[in-house]
2 protein chains.
Amino acid sequence: MPVPKGSTIDPERTRAAILEAATPILYERGLDGVGVAELCARIGVSKETLYRHFGTKDGLVAAMLEARSERVTRWLADAAATAGDDPRGQVAAVFEALEGWYGDPVFRGCAMLNAAAQHHVETVRAITARHLDRYLRLLTGIAERAGAADPHLLGRQLLVLVEGATVVAAHHDPAGAAGHARDAALTLLSAATRAD
Amino acid sequence: MPVPKGSTIDPERTRAAILEAATPILYERGLDGVGVAELCARIGVSKETLYRHFGTKDGLVAAMLEARSERVTRWLADAAATAGDDPRGQVAAVFEALEGWYGDPVFRGCAMLNAAAQHHVETVRAITARHLDRYLRLLTGIAERAGAADPHLLGRQLLVLVEGATVVAAHHDPAGAAGHARDAALTLLSAATRAD
DNA sequence: TCGAGATCGTACCGATCGGTTCGATCTCTG
DNA sequence: CAGAGATCGAACCGATCGGTACGATCTCGA
């Protein structure tokens, strides 16, 4: 019973439970692919409760995208951290983590990019842009610590590779995209560090 | 008067006119962002005519995506061809053509990727996959003629860069994405040809 | 000139959508 | 025990959606 009925038990827990349960459903079916009524039914919550916590369907969508962006970025940063201080190892770890994600049967591409492609609302586009900013910060940090000649350029190149790999994996080659992108990233890293 | 009323005048011309007029509208607003009624009003055609030619809204969408995929691939191939036999010039030409596209105020990312993110219908996903196949053939051809050690690998890496640049341009950095991807592509090309 | 066929404009259909409302029910606190 | 507040479930609302039907109009070939 993830969402109890009491009053003062957990004003906040209900919201978190809704968010957690709604995320995979909206990701799998698409933002417009599932109505609020069905969503509530599958979550096990009434429409009134959902609307009291999020005000609107877009409010729920924004909250879940924001949470997902933070979560996936942290996950990727953790993956890089497992490689210790080795820059090449960190880059390889990022793409190997992505490879695992691409192989997941529920993988449907980047949730933020999908959302931005569907919902032309400004708030969603802003969340997507912020998400790419988070990725860029992470990748630029790796490039800096690797001693790249131009870490900002390498960071942006890595961002293109990460996003490109995700797109290609989602729509063309789930098995190979991460490996090809990783090889490219390591080549770019070598070129960027050989020059200094 | 793009859509005359007569009977035997042009059974096929009407269909082409609908397709041409509907494409930019569906691209700008999204497949689900504009209803059939409004679409017909803006095209200047009746719903009956549209449905007789395409059967269903999905039919229209599929026809327009297929046409757009062929058209944009041909456009990119032409851009590469302007660089003559120089492989580096061909790669650079591809990304500079993309840069011009990204700068277009109506640029909204890749129409096929957007469509696949919205419409979870199998036919749309198939068209998107075929589209990436077209891109891959084009890029692998360039890699082969450049004498890359592993042209299939380089082709797939270039595909990741092209798609990644398009995504980043659409959602984060319209001005810089193409340039960064081009630099990365030329670095990969150098590495792939230096080895042999 | 006449009829076949393409098109128009509009009305219409059933379904679904996001969102609201309300009475009943439950749980905790005072 | 009493009441405040959160939740439920179901009904309800207006809008919009994709798709169909129909009579009127137009253009062509025979």
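At-a-glance table
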item: Cross-chain or 6+ apart pairs with Cβ under 8 Å, region A:126-137 first and farther than 10 Å from A:THR73 by Cα and assigned by TED's automatic domain parsing to the domain that holds A:LEU76, then surrounded by 16 or more Cβ atoms within 10 Å (Cβ to Cβ) and of a type in the set (S, T, N, Q); result: A:ILE127/A:SER69; A:ARG130/A:SER69
item: Pairs with Cβ under 6 Å, 6+ apart, first in region A:103-119 and touching a residue at least 40 places away in the same chain (Cβ under 8 Å), second surrounded by 22 or more Cβ atoms within 10 Å (Cβ to Cβ) and in a loop (DSSP other than H, G, I, E, B); result: A:ALA115/A:LEU31; A:GLN118/A:LEU31; A:HIS119/A:LEU31
item: Any helices (runs of 4 or more DSSP H) falling wholly within region A:1-111 and containing at least 1 residues that are away from DNA strand D (no atom under 16 Å from the Cβ), within 14 Å of chain B (Cβ to nearest Cβ) and surrounded by 12 or more Cβ atoms within 10 Å (Cβ to Cβ); result: A:11-29, A:57-81, A:87-103
item: Pairs where the first residue, in region A:26-38, is more than 14 Å from B:ARG125 (Cβ to Cβ) and the second is near DNA strand C (Cβ under 10 Å from one of its atoms), C-beta under 6 Å, 6+ apart; result: A:LEU31/A:VAL61; A:VAL36/A:LYS57
item: Residue identified as part of a helix (DSSP H, G or I), under 27 Å from B:ARG137 (Cα atoms) and within 10 Å of another protein chain (Cβ to nearest Cβ) among A:LEU161, A:LEU136, A:LEU153, A:LEU132; result: A:LEU161
item: Condition broken by B:LEU188, with the remaining ones in (1) within 13 Å of A:VAL167 (Cα to Cα); (2) in contact with a helix residue (DSSP H, G or I) (Cβ under 6 Å, 6 or more places away or on another chain) satisfied; result: (1)
item: Residues of region B:41-92 classified as within 12 Å of DNA strand C (Cβ to nearest atom) and more than 14 Å from B:ARG15 (Cα to Cα), total; result: 2
item: Hey, A:LEU186 out of contact with any Ser or Thr (no Cβ under 6 Å at 6 or more places or on another chain) and more than 24 Å from B:LEU136 (Cβ to Cβ) or not; result: no
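The values are calculated or read from the model by the stated rules, or taken from the named source; none is laboratory data. Since the structure is predicted, the reported quantities are computational estimates derived from the model, not experimental observations. Note: ideal-geometry Cβ built from the backbone for every residue, glycine included; neighbour counts use all protein chains shown.
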